[in-house]
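Any read-out appearing in this document is the output of simple, stated calculations on the displayed coordinates, not a laboratory observation. Here the structure is a predicted model, which is why all the values come from computation and not from measurement. Virtual Cβ from ideal backbone geometry, glycine too; neighbours counted across all protein chains shown.
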């Protein structure tokens, strides 16, 4: 058996949570492999909207194991709140959720460092979610971090105090930055007690043994390819590898164990925070997309920047990830347009290119568009892609031809039922 991977091809917020939820009945294990509570995976069914931050999106399906892998960073306080919000749904968290002992912990001073650092950047801020993600990954690579397995050590408090002392030394250099650590620590240590009561495992052994026994596994990515620390629009990126390769390091599986790679993208494009966005629409069209798509961050609540789909960036993401099939999300949002635009190339200093350049942050990029006819009808009641309007089918066929990957799923609404199969 091999591990299938599902990840975002844009700047996050593509709709990964919904598709994981839809696909979960086909799998025995859903495993998150990177990121942390900066993720906001939204699922909607039976009239209820759920937002998950750390817990894998298969948690609502009975009989499925959900693994938080070693590549994930966990804030115990946020995690406890997430668990508490699930309480009304009578989920068997004790038996359906596993946590890697090698996953790193976000401590309260990581969040303080994040806030202090972002404030100090002024106009150059990267748009951090201020969840402490960056500082936690910095301590991980700096070999100072605390891991979930450490909470079972009699020396845990000693290790925690040493890390906090280091952080407070750094915070002293941020003049005028005030904080109340004791207030934050109460929720943190309550979260630690909850973690101690759950099932923590040597996840690399668990996942490889599951593969040997023939279990089907879906790896769930967070954020999006264009936010990858190596291949995204650096420095306006996240602190982890959001691409397929991150599955190997974030779960402890070999590259030869990767199966299908499902790339998720919106029928248009959005971005939260700072950084380049070649197709951004800072006009009434962009505002209309934001309104129709309810484009506000699931984690931060911030309004998302909106624009037309960007094929050079999509082709780049498909190449980096080895995408084998695509899921197109939010086709229903574009139903209000008679004409839909697709960015096919970039024009830079008079030269037209069809790839993502290194210095995208510093260049003045003019998107080159192709106009396609819109479907201009409500899609939300569609039961089958065969019944979709011709203009939507033409849009899907055009993208498949340009991207050279089949679009097997088309989403026409937020509910799990509003998902159309386009498998040939």
Taking the chain and dividing mean pair separation by its residue count, relative contact order in percent (alpha carbons under 8 Å, at least six apart)
20 percent
Suppose the chain between residue 181 and residue 384 were pulled fully straight at 0.36 nm per residue; how much longer would it get relative to their current alpha carbon spacing?
67.7 nm
Counting every C-alpha pair in segment 1-138, the percent lying more than 21 Å apart is 44 percent
Extending each Cα 7 Å along its Cβ direction at residue 398 and residue 48, get the distance between those two points in nm, one decimal.
4.1 nm
Using 5 Å bins from zero, what percent of all Cα-Cα pairs in segment 318-373 falls into each bin?
4, 14, 17, 17, 20, 19, 10, 0
Which shape class, rounded, prolate or oblate, goes with segment 165-275 when its Cα gyration tensor gives a ≥ b ≥ c as root eigenvalues, a/c under 1.5 marks rounded, and past that a/b bigger than b/c marks prolate?
oblate
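From Cα pairs below 8 angstrom and at least 6 apart in sequence, can you work out the relative contact order of segment 41-132, rounded to a whole percent? Before the final figure, lay out each step's value.
Values: 104 pairs, mean separation 22.8, N = 92.
Reported relative contact order: 25 percent.
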Is segment 1-64 rounded, prolate or oblate when judged by the Cα gyration tensor, a ≥ b ≥ c being the square roots of its eigenvalues, rounded requiring a/c under 1.5 and prolate requiring a/b larger than b/c?
oblate
FRET efficiency for residue 359 and residue 249 from the Cβ-Cβ distance with R0 = 35 Å, rounded to 0.05, comes out at 0.80
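Computed FRET efficiency, Cβ-Cβ of residue 62 and residue 2, R0 25 Å: what is it to the nearest 0.05?
0.55
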Convex hull volume of the Cα atoms in segment 113-183, per residue, in Å³?
110 Å³
With the cut-off at 1.5 for a/c, could you classify segment 69-146 from its C-alpha gyration tensor as rounded, prolate or oblate?
oblate
Efficiency by 1/(1 + (r/R0)^6): what FRET value for residue 338 and residue 157, r their Cβ-Cβ distance, R0 = 51 Å, to the nearest 0.05?
0.20
Give me the mean projected area, in nm² to one decimal, of the convex hull enclosing the Cα positions of segment 228-308.
6.5 nm²
Counting only Cα, what are the radius of gyration and maximum Cα-Cα distance Dmax of segment 281-424, in Å?
15.9, 47
Take every Cα pair under 8 Å in segment 57-102 that's 6+ residues apart, average their separations, divide by the length, and report that relative contact order as a whole percent.
61 percent
Gain in span if fully extended, residue 371 to residue 84, counting 0.36 nm per residue against the direct Cα distance
98.6 nm
What ranking do 195-204, 270-279, 58-67 get when scored by the average of other Cβ atoms within 10 Å per residue, highest first?
270-279, 58-67, 195-204
Sorting check: for 13-20, 259-266, which peptide has the highest mean count of neighbouring beta carbons within 10 Å, and how do the rest follow?
13-20, 259-266
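Using 0.36 nm times the number of residues separating residue 260 and residue 173, minus their current alpha carbon distance, what extension gain do you get?
Length difference between fully extended and current span is 26.6 nm.
When the helix-only estimate is applied to the chain (DSSP H runs of n ≥ 4, each -39,500 (n - 2.57), divided by the residue count), what is the mean residue ellipticity at 222 nm, nearest 500 deg cm²/dmol? Show your work: numbers first, answer last.
Values: 12 runs with 131 residues, N = 424.
When only DSSP H runs of four or more count, the value is -9500 deg cm²/dmol.
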How big is the C-alpha Rg of segment 33-105 next to the rule-of-thumb value 2.2 N^0.38 Å, as a ratio?
1.05
Most fluctuating residue given options 179, 137, 27, as computed from a GNM of the chain linking Cα atoms under 10 Å:
179
Measure off 7 Å from each Cα along the Cα-to-Cβ vector at residue 291 and residue 120, then give the distance between these two points in nanometres to one decimal.
4.2 nm
